[in-house]
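S.K.: Below is one structure. I have some questions about it.
Read-outs: derived from the displayed coordinates by stated rules, not from any lab. Note that the coordinates shown come from a computational prediction; the quantities given were computed from them, not determined experimentally. So basically every Cβ, Gly included, is an ideal-geometry build from the backbone, and we count neighbours across all protein chains shown.
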């Protein structure tokens, strides 16, 4: 058990260092470790060019739609609910073949939290957004614009992977009308 605590402490410390934060994680901090799971979406639309939706969070960062998984929800149900709650978008299509997990540590109320977020890729035809109270703005941006605006490295990597799939499937003509249809959960 002690070896696991030491290993977990090292993992926690290294992950926090990767986030660019100073830390002095100790074995006692591991006992304060909790975890949570969220799901989110890289949402895009096409009006000639592909544009990605970014949300401006109250904390100042720019990121994708995401939120906590409720106990009775599937991952896709969470994404659909969060997309409607945070952006007011109800008409979306999942792009099959994209499910990108990320994880990171953060501190909340003196506790270290391991957060896992599963991102999906979704297309919408709307450009109309109705923001929730937790956001202060939004923007539809080109790939390059979104890469410049995103705050976190892991979000940029998620967008890079999503964009590669959008480009590959667009050139092969398998997005949109040829995709699997409206989002069935």
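S.K.: Only one of these is within 15 Å of residue 162 (Cβ to Cβ) and either more than 15 Å from the chain's Cα centre (by Cα) or surrounded by 16 or more Cβ atoms within 10 Å (Cβ to Cβ) (or both): 98, 138. Name it. Outline the logic, then answer.
M.R.: On the way: 138 fails: within 15 Å of residue 162 (Cβ to Cβ).
That would be 98, the only listed residue that is within 15 Å of residue 162 (Cβ to Cβ) and either more than 15 Å from the chain's Cα centre (by Cα) or surrounded by 16 or more Cβ atoms within 10 Å (Cβ to Cβ) (or both).
S.K.: Let me ask something else. Residues of the range 143-166 being within 11 Å of the chain's Cα centre (by Cα), under 19 Å from residue 105 (Cβ atoms) and part of a helix (DSSP H, G or I), which ones?
M.R.: 154, 155, 156, 157, 158
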